[in-house]
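Report on the following structure.
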């Protein structure tokens, strides 16, 4: 009994700490610590044969900066994030405005639209490899129906593969932009639209001067979230192209994975991913500057 | 606007709706279709819509029994339950504090937690493997659960903060006047009110696990311990040729559990995305 009273008074004296402590300790141990550990590893080289770690100092970073694959994967990452984001914003916002019409049956179609986002990216890759198969894929058959008879080999022609990847990424993630923007759209006051319509604004003007400005913060928000996620993306590439053909779709994330998991170059891989962490941190700081993340109380 | 243009507009709108539905759904339907074919019939374009039960049975038997996807699925469900439960037990009180109590660095702390959600998984995969080896839990379920909880927590906390923020503070004050501690208020007053938030956060932790294979490939070696996505990554990576009918069946077996979940709780998924991204 006495010990129970003591125990309860400990909890009530340190309420906030006991509530929040477990989460902070857990994240400290298994999130922050691995992140720092990774920084340490990036100064070493793992000798797999001898099972030893050799200190290299900045050696890995120096090697990265002179590695042509690093620069090509940086370019490919930038192209992928930029192009996919551009397409996803255009279609995502378009969809949000389209679904604003509240057509019959649109609820059902919206449910379909949500689905791609939760699908396993490796299976999404498999699915599209089947659809785009040069011999028997349904996609080429379909575009054959509208007269395109000599399509490129989507996943083997280095000129096209990156665009195929961007296309599949857009298929899977346009719904994300849509969901976020549509949520905001539904919360907009209807009378603004009504009065503009009474004033004789055409539908296009309505979208350009009223809808889009009101949606802009939601769009920027969704775009930055999606942008960072797409920057980290490696699983769809694993499922769809495995970085190839050659290096045509090797992004930073995939290059780091390949070095770590396939070649056991733990130090090099960690240094690569640390450069990514730095870039992501910069991106995230920009996000914080741009918009307050939480509504203030 | 004349009646005719209005009708044409309607028709165009509905056609667009149908096209959207087809673009969203047809790749998944195609995967289902491939999983019902013999290997030699994969090359038929367009695929025939004749179904032979014997072939379907053969494909699914191969995947579920011979490639032991039944046990992988059960294993994934088991790991998902533990990770979701742990993340909620640890995350709920923390989210409650972030929503209610202002202390020195609370704002900075909650942003740091959010920023962990953006961490590239490749950046921690190797240290996690080494840490799990150090703790002698690599290639065990515990070795998966520990990092998975760490990945789920930022998401769970962030989603729950959004839901706690929507509960009026007066409720806490009333409980406080009655002499209830914060812990009691959380357990007896808040948790019943925030049930849908708990469901949403749990779903997002579950979706993460059903799609995660990078950390899993590093930590797990034995087939028996692999979750469905880890098994998939070994079987159907873009690097490895495989029989398409079997691969498609693997895909379907992977997708079906989440597809069912997503149909049942579509609304919650939307809530989660908007809560996790916008609030």
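Read-outs: derived from the displayed coordinates by stated rules, not from any lab. Bear in mind that the values here come from a model prediction, so they are computed numbers and not experimental data. When we count neighbours, we look across all protein chains shown, and the Cβ atoms used for this are built from the backbone with ideal geometry, even at glycine.
Miscellaneous remarks
- Backbone N within the stretch A:63-83 under 18 Å of label point (7 Å from residue A:163 Cα along the Cβ vector): A:76-83
- In percent, rounded to a whole number, the relative contact order of chain B is 30, using alpha-carbon pairs under 8 Å and six or more apart.
- Highest-first arrangement of B:81-89, A:231-239, where packing means the average Cβ count within 10 Å: A:231-239, B:81-89
- Computed on the stretch A:204-297, the Cα convex hull volume stands at 148 Å³ per residue.
- Computed from label points 7 Å out along Cα-Cβ, the spacing between residue A:62 and residue B:181 is 5.8 nm.
- Additional length obtainable on full extension of the chain from residue B:71 to residue B:54, 0.36 nm per residue less Cα span: 3.8 nm
- Pairwise label distance in nanometres, residue A:149 with residue A:36, each label 7 Å out on the Cα-Cβ vector: 6.7 nm
- Shielding value for B:169-182 is 1, the average number of Cβ atoms from other chains within 10 Å of each residue's Cβ.
- For the stretch B:113-165 versus the stretch B:68-82, the spacing of their alpha-carbon centroids is 19 Å.
- Maximal additional length on extending the residue A:108-residue A:17 stretch stands at 28.2 nm, based on 0.36 nm per residue less the C-alpha distance.
- Set of the stretch A:107-123 residues, backbone N closer than 18 Å to the point 7 Å along the Cα-Cβ line of residue B:32: A:108-120, A:123
- A Förster distance of 45 Å, applied to the separation of the beta-carbon atoms of residue A:29 and residue B:166, puts the FRET efficiency at 0.90.
- Applying 1/(1 + (r/R0)^6) with R0 = 22 Å to the Cβ-Cβ distance of residue B:25 and residue B:242 gives a FRET efficiency near 0.35.
- Residues B:138, A:72, A:269 in ascending order of nearby Cβ atoms (within 10 Å, fewest first): A:72, B:138, A:269.
- In this simple spin-label approximation, residue A:72 and residue B:62 carry label points 7 Å from Cα along the Cα→Cβ vector, and these lie 3.5 nm apart.
- The mean sequence separation of alpha-carbon pairs under 8 Å and at least six residues apart, normalised by the residue count of chain A, gives a relative contact order of 28 percent.
- Average other protein chain Cβ within 10 Å of Cβ, residues B:84-91: 2
- Each of the peptides A:30-37, A:81-88 was scored by the mean count of other Cβ atoms within 10 Å over its residues; in descending order, highest first, they stand as A:81-88, A:30-37.
- The distance from the alpha carbon centre of the stretch A:19-92 to that of the stretch A:125-197 is 29 Å, rounded to a whole number.
- Other protein chain Cβ atoms within 10 Å, averaged over every residue that makes up B:106-119: 5
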